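J.: Just passing along the structure, written as structure tokens.
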Amino acid sequence: MAISHLVSPLPSLAFFQTGNLTGRSSSLHVNPNPQFSKSRLSRERAATLVLRSKGDDSVDASDRIISAVCYFYPFFDGIQYGKFIITQYQPFQILIQPLFPAIKAFKSFPFNGFLIFIALYFVVVRNSNFSRYVRFNTMQAIVLDVLLIFPDLLERSFNPRDGFGLDVVMSLDSTVFLFLLVCLIYGFSACLFGLTPRLPIVADAADRQVL
């Protein structure tokens, strides 16, 4: 409403000159440059709006990068679920190939996943020096990794070698892998743009852990 009032046209100067018709000169003094004050006020208002748009709600670049990188943790930890779909479909091989060195380093030591879990939880999530944006996204990645326990237990207890059972396991593993891949792409992209990704089920659990 205030901006539309500023850009509305000024009244016509003919209104102030009607005194000549009655034989009396108008006592009002007309500004010879009426647009000057309006332009200056408009510029000041625009500057105020720009400053407000860059307030505390913006996410720092470092926070975006840290949050985006955290989503690689559950993906690397669950990469084995893509063994069927990666070997069968070449586009997935091309997509994953640049990540092979990092995945190999992650899988080089059996306890890397657990050590990274401890580090992310106690060094980042429980550290108030990090912004809530970083702690929330880190916790969301941790919760997503914890959920991998369920398909792992199911696969260990039901491990067929062939037939219909193998088809079920292949479908389950491929579904888990695709879900992790979508979460990685969604979480990574959203964090780079300073947005807050909210994964289904995972987001609510992360909210409860981040104070």
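The values are calculated or read from the model by the stated rules, or taken from the named source; none is laboratory data. Please read all numbers here as calculations on a predicted model, not as lab measurements. FYI the Cβ positions are ideal-geometry reconstructions off the backbone, even for glycines, and counts take in every protein chain you see. To get the accessible areas, we keep the full protein, side chains included, count just its heavy atoms, and leave off ligands, DNA and RNA. Shrake-Rupley method; radii C 1.70, N 1.55, O 1.52, S 1.80 Å.
J.: Among the residues of region 53-107, what is the count of those that are β-branched (Val, Ile, Thr), within 20 Å of residue 172 (Cα to Cα) and in contact with a Ser or Thr (Cβ under 9 Å, 6 or more places away or on another chain)?
T.: 1
J.: Would a scan of region 168-185 turn up a residue that is free of Cβ contacts under 8 Å to residues at least 40 places away in the same chain and among the charged types (D, E, K, R)?
T.: no
J.: Given the criterion under 17 Å from residue 201 (Cβ atoms), of a type in the set (Phe, Trp, Tyr) and open to solvent by less than 20 Å² (accessible area, probe 1.4 Å), identify the matching residue among 179, 136.
T.: It is 136.
J.: Being under 18 Å from residue 124 (Cα atoms) and surrounded by 19 or more Cβ atoms within 10 Å (Cβ to Cβ) is the filter here; which residues of region 198-211 pass it?
T.: 202, 206
J.: Restricting to region 88-133, and then to whatever is over 26 Å from the mean Cα position of the chain (by Cα) and of a type in the set (Gly, Ala, Ser), can you tell me which residue is surrounded by the most Cβ atoms within 10 Å (Cβ to Cβ)?
T.: Only one residue tops the list, namely 105.
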